[in-house]
1. Given the structure, is residue 83 charged (D, E, K, R) and within 23 Å of residue 188 (Cβ to Cβ)?
2. For the list (1) open to solvent by less than 50 Å² (accessible area, probe 1.4 Å); (2) closer than 25 Å to residue 468 by Cβ, I need the number of the one condition that residue 642 fails.
3. Would segment 512-530 turn up any residue that is open to solvent by 40 Å² or more (accessible area, probe 1.4 Å) and in contact with a Leu (Cβ under 6 Å, 6 or more places away or on another chain)?
4. With the requirement that a residue be assigned to a helix (DSSP H, G or I), surrounded by fewer than 22 Cβ atoms within 10 Å (Cβ to Cβ) and not small (Gly, Ala, Ser), what does segment 378-405 give you?
5. Output the number of the condition that residue 263 fails; it satisfies all remaining conditions of (1) buried (at least 17 other Cβ atoms within 10 Å of the Cβ); (2) modelled with pLDDT under 70.
6. Failed condition for residue 309, given (1) at pLDDT 50 or above; (2) part of a helix (DSSP H, G or I); (3) surrounded by fewer than 18 Cβ atoms within 10 Å (Cβ to Cβ), with all others met?
7. Counting only residues that are of a type in the set (D, E, K, R) and either at pLDDT below 75 or touching a helix residue (DSSP H, G or I) at 6+ places or on another chain (Cβ under 7 Å) (or both), how many does segment 375-404 have?
8. Tally the residues that are surrounded by fewer than 19 Cβ atoms within 10 Å (Cβ to Cβ) and within 20 Å of residue 442 (Cα to Cα), restricting the search to segment 406-418.
Amino acid sequence: MKKWTKIIAENSIVVMALVIILLLIIPLPPALADAAIILNMAVSMMILVITMTIHDPLEFSIYPSLLLITTLYRLGINVSTTRNILSRGGSSGQVIASFGDFVLQGNVVVGLVIYLVIVLMNFTVITKGAERVAEVSARFSLDAMPGKQMAIDSDLNAGLIDEREAAKRRSKVQRESDFYGSMDGATKIVKGDGIMSLITTAINLIGGSIIGMVQGGQDISTVLNTYTIATVGDGLVGQIPSLLISTATGMIVTRAVAEGSLNEDISKEFLDQPKAFTIAGLIICTLVVIPGMPVIQILIVGGGFAAAGWYMAKRIEREPEVVRAAAYAAATQGAIGGAEPDAGGAAGGVGGAQAEAPQEAKAPEPVSETDFFKDINNVYGLLQVEPVEMDFGYSLIPLADESSGGRLISRIIIFRRKYAQEMGLVIPSIRLRDSATLGTNEYVIKVKGEEVARGEILTDYFLALQPENPDKEIDGIDTIEPAYGIPSKWIRPEQRERAELYGYTVIDPLSVMVSHLTEVIKQHAFELISRQEVFRLVENLKKTAPELVEEAFPSLISYNLMQKVLTMLLKEGVSIKDLETITETMADYIMDTGLPVKDIDQLVEQVRVSLKRTITRMYCEDGNMRVVTLDAELERSMVSSLSKGENGYYLALSPDVLQSLVRQVSEQVRKFTDLSQTPVILTSEVMRAHFYHLIEQFYPNVRVLSFNEVASNVQIQAIGSLKLEQG
């Protein structure tokens, strides 16, 4: 028995579909027809409520299939009630009779007109509109897939998301495309249902009249009265659920840019427009000047709108202070990152352990700034310089405040983990602060207390990165993407699908800010590797290679020397994750040359050669490395111009040659614009370090490699050459 119960439970939907199909064949008694009609209304109402309360259409991804089942069920009921009306003299249960009497109110013409209005409204307005929206959504969703996939890949490469999140977002993009494609076809079912309702109504009315007069011998007045009540009642019990389902269909396909439930979105967006309420209320109040208008009703409605607008305006004026107070409270409790709060700051550092105050502990009494700094120990706290800081305006606080759904901290944590895995350096905690000196949409990034970058984002917009040849231009606020300097436009959320269709890559405001922050950190990572951090890295290496660490530190390699070498590697974008190989190479070089180390550049070159596989992987794509080479004559000229100074050898080139080289490098770097590879210049081992020092001040993102640093299994493709130009 349990086995059969389990089988039926697992296949309940299949059984239900078969039962619905049987309704088209098996006669249904009036009592069961009443129950089926009531169940149909309940299910339709439930579906409408679900579509209005979900946050994302994909939360109700079964809707296209459910739409087919409910339509089939409604048609089955319609066939059964039509059979009963024609075979039972216009009787098909109490529900149909009650609806017919209630609508007709003794007037057949008025009842039919009301019924036709409901049918046509459902068919021509709601159903047709939902069908068109579903069709456009399906096309836009399919066309926007490449752009969305590129945005996901960009976030993954930038370290903003991990592989799991990328796979999740790719799956969502695919599901969205499949969902809207299914909805495009499913709306045709709703359209067919509306047409079938009109046909069934005509059959009931005409067929019933013929049966009543021919077979029953009744007069035309009695026949019309009897079958009209049944026809209108039957039509209404079918049209009301159909209207609910059509509304639900339109609701779910128009929720493409929704952020919450329908109630939340409407409340939020209406309550953010106090001017609209106030102006509408005042205009309504002016209608009292029209003779004959109901003054009391006008003043109640107009006054209510104006009062609501005034109240909302006051609430919005108080909102910045409320947000600032909430953020400050979160900081004083260590809610953001668990770091020590700043005096007057909105947020603490990122990455520490979250602090939890004891439940019975009382909040400290607030003290004035003067009393706080009476303690000299608190003054010393002002001397601390944070490795990385980020200050932002008030409107950006919610992006960092986890209590209000901000995801800035989680995105930074993901980047820290990814950067540590790739480059071998752990980014220190990042101090987040609100700042009254910045604009509400501005942010500033600081490294060791000094500003290195700033930007401005519009939290209610999306950033559309402009392609070289867009299919069409899109309206928006022109700007420059802060991380990579790409011409872009700030667009409204409702323009997102259209922009992706035109070839733009659309990024949300948080991703814009995080991308800028991560790129700045990558550029200044070599400044963040302190002596203390080197000590931590060596201690971590001791867990896997204790004998090596004991031999090398500090007898051969001092922490100062290790810091200099790691700094020079990171400055040129070389990963220091393989610290064991770096340490072994340094130890071997020092044992061969002896202490003290006279030429750190040469030591770094030896380390780079030992890391050739790592370096090759960073700049190689599909077994090919595209490079710009140095002409033999130019390299000979540069070798002959080497001069020895206090800090070693340096290039002593004439101003004309230097200017020529800078111009040529600029021209060659442009060739890498359309390639997914960092610009690389290939030189001999002797000239590599000197040439890098020569151009780093002009092109810090150009990588200079030597032939010894490229693995032998890589195909080198020269796409340009630097030559010696004689003036």
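1. It is false that residue 83 is charged (D, E, K, R) and within 23 Å of residue 188 (Cβ to Cβ).
2. Unmet condition: (2).
3. There is at least one residue in segment 512-530 that is open to solvent by 40 Å² or more (accessible area, probe 1.4 Å) and in contact with a Leu (Cβ under 6 Å, 6 or more places away or on another chain).
4. 378, 379, 380, 382, 383, 394, 398, 402
5. Only one criterion in (1) buried (at least 17 other Cβ atoms within 10 Å of the Cβ); (2) modelled with pLDDT under 70 is unmet by residue 263, namely (1).
6. (3)
7. So in segment 375-404, the residues of a type in the set (D, E, K, R) come out as 375, 386, 389, 391, 401-402.
Okay, now just the ones that are also either at pLDDT below 75 or touching a helix residue (DSSP H, G or I) at 6+ places or on another chain (Cβ under 7 Å) (or both), so 401-402.
Total satisfying the criteria: 2.
8. Looking only at that region, the number is 1.
The values are calculated or read from the model by the stated rules, or taken from the named source; none is laboratory data. These numbers come from a predicted model, not from an experiment. FYI the Cβ positions are ideal-geometry reconstructions off the backbone, even for glycines, and counts take in every protein chain you see. Ligands, DNA and RNA are stripped out before the accessible areas are found, and what is left, the full protein with its side chains, is counted by its heavy atoms. Shrake-Rupley method; radii C 1.70, N 1.55, O 1.52, S 1.80 Å.
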